[in-house]
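First comes the structure, then the notes that go with it.
Just so it is clear, none of the values below were taken in a lab; they were calculated from the coordinates. Fair warning: this is a prediction, and the values are worked out from it, not measured in the lab. Cβ: placed from backbone, ideal geometry, glycine included. Neighbour counts: every protein chain shown.
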């Protein structure tokens, strides 16, 4: 999904319809929406993630996303999540 964020958004919306109650697509939706210049919607996707998986942390997610084959892309995604994550914004 790297690059074509509009297409990624469409695909993630479809995934969300099929995989009700699964938090992971909302994480990628947040990254996608931020890339499309829609940070408020990205934060809403993070809120939905936390509703579905209250014990998830940005650190746990970052461990997986940071393993992206393109190290710079993985780091970029981690930074986005840290900026959007409610607990990180409070500090």
(request) First measure r as the distance between the Cβ atoms of residue 60 and residue 36, then evaluate 1/(1 + (r/R0)^6) with R0 = 25 Å and state the FRET efficiency to the nearest 0.05. (result) 0.50
(request) In nm, give the distance between the simple-model label positions of residue 87 and residue 18, each being 7 Å from the Cα along the Cα-to-Cβ direction. (result) 3.2 nm
(request) Take the alpha carbon atoms of the range 15-40, find their center, do the same for the range 56-74, and report the distance between the two centers in whole angstrom. (result) 15 Å
(message) I need the fraction of alpha carbon pairs in the range 5-85 separated by more than 19 Å, rounded to a whole percent.
(response) 32 percent
(message) Over the chain, what is the relative contact order in percent, taking alpha-carbon pairs closer than 8 angstrom and at least six residues apart?
(response) 22 percent
(request) Have a look at 37, 21, 74 and tell me which one the Gaussian network model of the chain (Cα, springs below 10 Å) gives the largest fluctuation. (result) 37
